[in-house]
1. From largest accessible area down, sort ASP244, ASP287, ASP293, ASP276; use a 1.4 Å probe on the protein chains.
2. About its Cα centre, what dipole magnitude does the chain give when the only charges are +1 on Lys and Arg Cβ and -1 on Asp and Glu Cβ, stated in debye to the nearest 20?
3. Between rounded, prolate and oblate, where does the chain land on the alpha carbon gyration tensor, with a ≥ b ≥ c its root eigenvalues, rounded for a/c under 1.5, else prolate if a/b exceeds b/c?
4. Taking H as built 1.01 Å from N, whose amide H comes closer than 5 Å to the amide H of GLY226, not counting residues under 5 places away?
5. Could you derive backbone 3J(HN,Hα) for region 315-328 from the dihedral phi with the Karplus parameters 6.51, -1.76 and 1.60 (θ = phi - 60°), listing whole Hz in sequence and x where the residue is Gly or Pro?
6. Give the accessible area for THR20 in Å² (nearest 10); use a 1.4 Å probe, count only protein heavy atoms, and leave out ligands, DNA and RNA.
7. Rank these by accessible area, largest first, 1.4 Å probe: GLU289, GLU361.
8. When only Cα pairs under 8 Å and 6 or more residues apart are kept, what is the percent relative contact order across region 1-89?
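The values are calculated or read from the model by the stated rules, or taken from the named source; none is laboratory data. This one's a predicted model, so the numbers in the text were calculated from it and none came from an experiment. Because the Cβ atoms are built from the backbone with ideal geometry, glycine has one as well, and the counts that use them run over all protein chains shown. Just so you know, the surface numbers come from the protein's heavy atoms only, side chains and all, with ligands and any DNA or RNA stripped out. Shrake-Rupley method; radii C 1.70, N 1.55, O 1.52, S 1.80 Å.
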Amino acid sequence: MPPPRAKLAWDTLLDIEQGTGPLHERLSRALRQAIRSGRLSPGSALPPSRTLALDLGCSRWVVTQAYEQLVAEGYLTARTGSATVVRAVERSEPARGRTATAAPSTPPTPTPYDLAPGLPDLRAFPRRRWAEAIRAQLSTMPYDQLGYPPLGGTERLRDMLTDYLRRCRGTHTTAADVAVTTGVTDGVTQLGRVLRAEGHTRIAVEDPGWTRLRHALERVGLEPVGIPVDDHGLRVEELVRRTDVRAALVTPAHQFPTGVVLGPERRAALLAWARDVDGVVLEDDYDAEFRYDRRPVGTLQGADPDRVALFGSLSKTLSPALGIGWMATPGRWTHALRAASERAPAGPPVLDQLALAAFVEVGGYDRHLRAARQRYRHRRDALVSAIEANLPGCTLSGAAAGLHLVLRLDPAVPAAAVVARAETHGVRVADLDGYRMRPDPDTPALVLGYGNLPDNAVVPAVERLAAALRAVAAAAASAVSTVSTAAVVGAEETIRAAGTREAAAALD
């Protein structure tokens, strides 16, 4: 590989007004101080003498004299036809404003097998096609689009999202009600802020549910009210009993983290509740693109666009690094969001928005999703088979869709202990209690993500997890046995002591 190019240091601030003596000596002192303090780092290329003289308003002779002096002192290196470069020197003066720090420690070794949920297959990101989309837009976009992103996103991307959501997710919306965000959390935060301004103080959330969204709602002043989730999704009958709530955040297509789908009767009941209380449903379209055992379910938004705000992003389909999401809101809330948009953070860069629009328009996004579904289904099947072979006493749920599943443990095995022990075995997993509003030790479970797990790592990851689980189960059984033995011994001593007292009383 060719050597790295020198870092340009043409705009370094040099104070040559202070001090006494000829100008070339003051310039030498200023450069020397900049090098010794670290403001001019080793390898930095200084400007040509003619350029620096023009910047300082002095003669070129002043600069050449200063450069020659510092070359002689070993601070600079100069070669004919090449830039004058700062040499590595031992600093005798600390950099102003810096404090001495200890030598950096060795970075922690990453966990070899990461089964934590939340990531897609980052190795499968379509780098070439995305780069082509970026280059194409950069070469053809009008110059006036190189300014700040328009509020709500570019018109082209909003039009594309409207068509895509109508075609693939069964929505009923217009481009005027679609806004581009930096992700689901950003969109929920924006609408949550508007809800608070409109007088809402509480919002119903699924329990368990995605903690990041709960925290986002808390930051805008809304109190999350947990509504339990069972095998059919949100228990709407318990939501109806809460007369102090008129907004609800749900993941009906694939509930996180349990993986269940909101049943048809409860979907209808949830929409009826929103109409009855003049409320709004915030629908996080989580993992909706990835169903393996049947076709994806349509959105709630498509059934009642006046009462449902839909949120989605590229975080699970392409990569969270892109920072692109969207929301489709009822007209009433769209107007309120537009009025508050001046305080909203800027959206994704215009270039990325146009690249996504082009990527979808040419079919690249659809092809990527089809390939991803096949890849994830194969990986899901391998993970389920490995768990059945190595953990026969555990049960699985939520495996019909998405990028994670839930592993139910024996009630006697604490999930937190399994998470900690698995980490020592090189496996990262998540405790279901981490997503509950209150821990439930009677139903321990693990959340296992497989989106970013390499195919060849599935079996060894499960084998290590099984070893960790067996170790925790053995320790728990031993603890129970110890407690039982202690209880028996204590009871025998009590009986023995009682018998002694009775015998003594008989002698008296």
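1. Reading off the accessible areas and sorting them downward yields ASP276, ASP293, ASP244, ASP287.
2. On the way: 61 positive and 57 negative charges, 370 e Å.
Taking the Cα centre of the chain as origin, the dipole is about 1780 debye.
3. Values: a/c = 2.29, a/b = 1.43, b/c = 1.60.
The shape class here is oblate.
4. VAL205
5. For region 315-328, the Karplus curve yields 4, 9, 9, 10, 5, x, 5, 6, x, 10, x, 7, 9, 10 Hz.
6. Answer for THR20: close to 110 Å² accessible.
7. GLU361, GLU289
8. Details: 114 pairs, mean separation 27.5, N = 89.
Relative contact order, region 1-89: 31 percent.
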